[in-house]
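Engineer: Pasting a structure here, questions to come.
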Amino acid sequence: DAFLKFLRGLSEDRGAMAVLRRTLASDADGRNQIRAARYIEPFLIGVNDQWQRSSYYLVAGLYALHPEESDRKFAEVLGEIWQSRDCAPSLEGRFLALLESDTDQLAHRLRMLVQLVRSQTKVSAGLDYAELLSDVLRWRWSDRPVQRRWAREFYGRRAETPGPTGSENMEVQA
């Protein structure tokens with residue numbers, strides 16, 4: 001993807017990365033996006049959908065916050081961190097709040113969790129930003145495929161541990 005290739009090229013430019021990180025801050029007057037426009041707008045020529053435009057700014061800011069890449073899915077990385085913390089209820093709660101986020105809450109909650117990912121030393125914490133951008137673009141879909149897939153990815157590594165209280169006694173009826 002040309003957009004991510006461009007971001008990779010900026011990763012050594014501390015000034016550009018600072019400008020992109022500022023797009024994650026509260027920006028009531030739009031100054032942070034105006035400053036970042038020189039980096040992002042060339043990829044949005046002809047795009048009028050505000051959500052699509054906002055998604056590019058958001059992912060650029062998240063990339064600048066934590067420019068470590070891998071082919072690992074965001075929810076899988078979070079699930080691994082959660083397990084490394086003995087399935088801490090606080091992290092699970094933050095993840096569930098993210099899944100329930102509307103478009104107004106999404107940027108803040110993603111930023112907080114990417115900061116958590118960045119702080120990890122026990123877990124390899126690179127992210128697949130191409131997939132993250134694709135997921136953010138589809139966040140508003142009414143059938144919530146991204147949120148459902150993220151839940152599967154987050155909890156999927158926990159297959160060897162028992163489920164919630166009482167689930168071990170459930171029987172499958174044929």
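Engineer: Can you name the residue in region 76-89 that is touching a residue at least 60 places away in the same chain (Cβ under 8 Å) and over 14 Å from the mean Cα position of the chain (by Cα) and is also least open to solvent (accessible area, probe 1.4 Å) among such residues?
Structural biologist: It comes out as W82.
Engineer: Here is a further query. Please work out if R109 is over 18 Å from L137 (Cβ atoms) and open to solvent by 30 Å² or more (accessible area, probe 1.4 Å).
Structural biologist: Details: over 18 Å from L137 (Cβ atoms): no; open to solvent by 30 Å² or more (accessible area, probe 1.4 Å): yes.
In short, no.
Engineer: Here's a check for you: in region 1-30, which residue that is free of Cβ contacts under 8 Å to residues at least 40 places away in the same chain and among the charged types (D, E, K, R) is most open to solvent (accessible area, probe 1.4 Å)?
Structural biologist: Looking at residues that are free of Cβ contacts under 8 Å to residues at least 40 places away in the same chain and among the charged types (D, E, K, R), I get R14.
Engineer: OK, next. Among the candidates E41, E92, E100, E68, single out the residue that is surrounded by fewer than 19 Cβ atoms within 10 Å (Cβ to Cβ) and modelled with pLDDT under 95. I'd like the intermediate steps shown before the answer.
Structural biologist: Values: E41 fails: modelled with pLDDT under 95; E92 fails: modelled with pLDDT under 95; E100 fails: modelled with pLDDT under 95.
Unique residue meeting the criteria: E68.
Engineer: Now for a separate question. Only residues that are of a type outside the set (V, I, T) and free of Cβ contacts under 8 Å to residues at least 24 places away in the same chain: list them for region 31-41, please.
Structural biologist: First pass over region 31-41, keeping only residues of a type outside the set (V, I, T): 31-33, 35-39, 41.
Of everything in region 31-41, those that are of a type outside the set (V, I, T) and free of Cβ contacts under 8 Å to residues at least 24 places away in the same chain turn out to be R31, N32, R35, A37, R38, E41.
Engineer: Among the residues of region 2-52, write down those that are farther than 19 Å from A130 by Cα and among the hydroxyl-bearing types (S, T, Y).
Structural biologist: S26
Engineer: Would you mind stating whether I45 is among the aliphatic types (A, V, I, L, M), more than 16 Å from the chain's Cα centre (by Cα) and closer than 22 Å to G15 by Cα? Full working, then the answer.
Structural biologist: Numbers: among the aliphatic types (A, V, I, L, M): yes; more than 16 Å from the chain's Cα centre (by Cα): yes; closer than 22 Å to G15 by Cα: no.
No.
The values are calculated or read from the model by the stated rules, or taken from the named source; none is laboratory data. The shown structure was predicted, so the numbers you read here are calculated from the model rather than taken from an experiment. FYI the Cβ positions are ideal-geometry reconstructions off the backbone, even for glycines, and counts take in every protein chain you see. With ligands, DNA and RNA removed, areas are computed over all heavy atoms of the protein, side chains included. Shrake-Rupley method; radii C 1.70, N 1.55, O 1.52, S 1.80 Å.
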